[in-house]
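Report on the structure given below.
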Amino acid sequence: MLNRVSEWVKGFASDEAIVPCEDAEFAATITALLVEAGMADGTLDERERSRILHLMTEQLELDADTANARLNEAVEAHESRIEIHSLIRQIRSDTEMEDRIIILEMIWMVVLADNQIDQHEKQLMRRLAGLLFIDDVASGLAAKRAQKRLGLAD
């Protein structure tokens with residue numbers, strides 16, 4: 001699994017869509033984290049939802065119907081989720097640091113989708129970086145790369 005994840009993350013870094021599609025659990029975990037990021041400010045607005053769907057179809061290589069269904073499942077699961085440690089545990093155990101940084105960059109892309117970062121989103125991103133053992137510098141650089149990808153960079 002680690003090799004497939006690493007190939008996928010390297011593909012994301014180079015804007016190619018290389019994903020372990022057959023690994024539904026990993027895709028579900030990533031989707032759940034993207035939803036957590038989108039819902040950090042209390043709502044999943046259309047820009048955040050659109051960004052998540054884009055990442056799911058382009059990076060996870062899911063077809064539109066499957067992506068919509070999985071996104072709806074992740075939103076429903078978010079409503080009853082009381083912790084995110086179980087989501088993080090799989091990523092932390094199945095990926096290398098470089099891979100976790102790129103996953104954090106994807107999450108930053110969702111947080112930045114509405115071109116605003118509120119206090120709840122900042123807090124979530126600090127928390128996620130800590131849980132993924134990513135330092136503040138690497139998290140900041142991931143945020144800058146996400147801004148650039150979204151055309152928000154100065």
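Which one of these does Ile91 not meet: (1) of a type in the set (A, V, I, L, M, F, W, C); (2) over 21 Å from Arg149 (Cα atoms); (3) without any contact (Cβ under 8 Å) to a residue 60 or more places away in the chain?
Exception for Ile91: condition (3).
Would you tally the residues in segment 115-145 being within 15 Å of the chain's Cα centre (by Cα) and of a type in the set (Asp, Glu)?
Count: 1.
For segment 11-67, what are the residues that are within 18 Å of Ala113 (Cβ to Cβ), at pLDDT below 80 and in a helix (DSSP H, G or I)?
Scanning segment 11-67 gives a single hit, Phe12.
Is it the case that segment 68-77 has a residue that's within 24 Å of Ala138 (Cα to Cα), in a helix (DSSP H, G or I) and not aliphatic (A, V, I, L, M)?
The answer is no; no qualifying residue exists.
Quick one: which residue in Ile88, Ile101, Ile107, Ile82 is under 26 Å from Asp45 (Cα atoms), loosely packed, with under 13 Cβ neighbours inside 10 Å and among the β-branched types (Val, Ile, Thr)?
Matching residue, one of Ile88, Ile101, Ile107, Ile82: Ile82.
Is it true that Val75 is at pLDDT 90 or above, surrounded by 20 or more Cβ atoms within 10 Å (Cβ to Cβ) and out of contact with any Pro (no Cβ under 9 Å at 6 or more places or on another chain)?
It is false that Val75 is at pLDDT 90 or above, surrounded by 20 or more Cβ atoms within 10 Å (Cβ to Cβ) and out of contact with any Pro (no Cβ under 9 Å at 6 or more places or on another chain).
Give all pairs with beta carbons closer than 6 Å in which a residue from segment 19-35 that is charged (D, E, K, R) and surrounded by fewer than 21 Cβ atoms within 10 Å (Cβ to Cβ) meets a residue that is modelled with pLDDT under 90 and not in a helix (DSSP H, G or I); count only pairs at least 6 apart in sequence or on separate chains.
none
The values are calculated or read from the model by the stated rules, or taken from the named source; none is laboratory data. Small disclaimer: the values here were computed from a predicted structure and weren't measured. Quick reminder, even Gly has a Cβ in these numbers, built from the backbone with ideal geometry, and neighbours come from all protein chains shown.
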